[in-house]
1. Can you confirm whether the stretch B:96-111 contains a residue that is modelled with pLDDT under 90 and not β-branched (Val, Ile, Thr)?
2. Within the group A:45, A:51, A:92, which residue is more than 14 Å from chain B (Cβ to nearest Cβ), in a helix (DSSP H, G or I) and free of Cβ contacts under 8 Å to residues at least 12 places away in the same chain?
3. Could you check residue A:21 against (1) within 14 Å of chain B (Cβ to nearest Cβ); (2) buried (at least 16 other Cβ atoms within 10 Å of the Cβ); (3) outside any loop (DSSP other than H, G, I, E, B) and say which number it fails?
4. Looking at (1) of a type in the set (Asp, Glu); (2) farther than 29 Å from residue B:56 by Cβ; (3) part of a helix (DSSP H, G or I), which one does residue B:188 not meet, given that it meets all the others?
5. If residue A:11 meets every condition in (1) assigned to a loop (DSSP other than H, G, I, E, B); (2) free of Cβ contacts under 8 Å to residues at least 60 places away in the same chain; (3) more than 14 Å from chain B (Cβ to nearest Cβ) apart from one, which number is that one?
6. Which of (1) within 17 Å of the chain's Cα centre (by Cα); (2) within 28 Å of residue A:157 (Cα to Cα); (3) of a type outside the set (D, E, K, R) does residue A:108 not meet, given it meets every other one?
7. Out of the stretch A:116-139, which residues are modelled with pLDDT under 90 and not in a helix (DSSP H, G or I)?
8. Would a scan of the stretch B:87-95 turn up a residue that is within 11 Å of chain A (Cβ to nearest Cβ), in contact (Cβ under 8 Å) with a residue 12 or more places away in the chain, closer than 30 Å to residue B:129 by Cβ and touching an Asp or Glu at 6+ places or on another chain (Cβ under 7 Å)?
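The values are calculated or read from the model by the stated rules, or taken from the named source; none is laboratory data. Since we're looking at a predicted model, the values are computed, not measured. Here the Cβ positions follow ideal geometry from the backbone for every residue, glycine too, while neighbour counts run over all protein chains shown.
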Amino acid sequence: MTKLLALTQDFGVSRPIFALYLNDHGELEGSTRNPIYKYEPTPIEGDILSELVCECYYEDFDHRCSEFVIIRRDIASKAMAKIRAQTKDFVEKNSDMKSPRQGKLYRWIARSMPTNDEFNDTLIMLYLYWKPHTGTSMAGLRSSQKHIENTMAILTAMMEKHEQ
Amino acid sequence: MGVFDDKKFEDLDWISQATEPINSRLNDVLQSIPDSITIDFEIYRRVVSNGYDLDLSIQKIVSYMVEQYSKGANLAHEELGVVDRCFELQITGEKLIVNFEDNTISGGEIKLVKINTTMDEKVLQSIMGKDGLDGLIYCSMETDGYLNRMNEIMELLGKCDDGLKSRSERSKRRQIVSRLHTIFSKNEWKIRDTELANKVGFWVKDYVCNGNLASFSNFCRLKVMTHKDQPIYSMEEIE
């Protein structure tokens, strides 16, 4: 998670300036989701981790201190959850089984994969290895057979190690 | 002064005795709030600080104003809803911008304006006793003998045959609430004070749920007073 957390360090927040609109009931409406000067994080070009973390950017308006706040740890956790989910999808789409969800590896990832920081760091490294060679489409996922086979083998080895 | 005398009614002037207006603390609350209030940034910030959004509704502002100008009024939800209807928001300017950096509202002005200076009698009649009845609907019956106590209340209320015949606690409770609701909405007991009407529900609840005899005594006194067929504004209560 250290890598993900590091990527959140430069994140800023939106300015707490909002437009109020009169609705049909004669009341004023304002949304904390739409400040006039909204902050949009810019990912580092070509860095898939940075893109992922930027996708997970979330800010909240704190009424007590009247400003936007971000919780970096939450953003990093959200990005980590996405990596885990994508790893699970990767296994489902690249398994040789007829019902990949019934497979041992898929079930381990879905139910018993460890969640500690050390393991997460390994999963991030593995994600960086397989992600650039896959796409979101089924065809893309099958584009680099060598990377797919290696990733599946590494995940299986990780599972066997943790099962012991 | 006798036990069943209505001191408030006797103190009313002749015209009030003749017209029998409904007495309500909501009128005092309404009068305590100024006729026109400019909503500046500080008021806006305080009003929206308890919510999740930045919406400025009449309900939110009026609720805040009641807290500011009638401390301790502790209005029920229904009562606040009635006070809301006496105000409107007047907004000038095309585009209002609220800036939490500079603590300003620019581009126009927001005003809360009172459009009614007194409560409508029909509106007050519609919320008569409602707060007390809500308490009765949601109370839990934990002490022994509550079914008997419910029967006693129903006998005093009258026209509760279905509830008296039933063995179900829920049916009896429903019957009491429904009967009291009819009494208030049709003004059968001629109660002309919203707080006194609310107390009826609380007394019934206190007696049925906890067996509080003082509450039962108050309820009986009020019932006796209704036999005079005169408007009831107040009664001597036992604490």
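1. No, the stretch B:96-111 contains no residue that is modelled with pLDDT under 90 and not β-branched (Val, Ile, Thr).
2. From the options A:45, A:51, A:92, the qualifying one is A:51.
3. Of everything listed in (1) within 14 Å of chain B (Cβ to nearest Cβ); (2) buried (at least 16 other Cβ atoms within 10 Å of the Cβ); (3) outside any loop (DSSP other than H, G, I, E, B), residue A:21 misses just condition (2).
4. (3)
5. So the condition that residue A:11 fails would be (2).
6. (1)
7. Residues satisfying the conditions are A:134, A:135, A:136, A:137.
8. no
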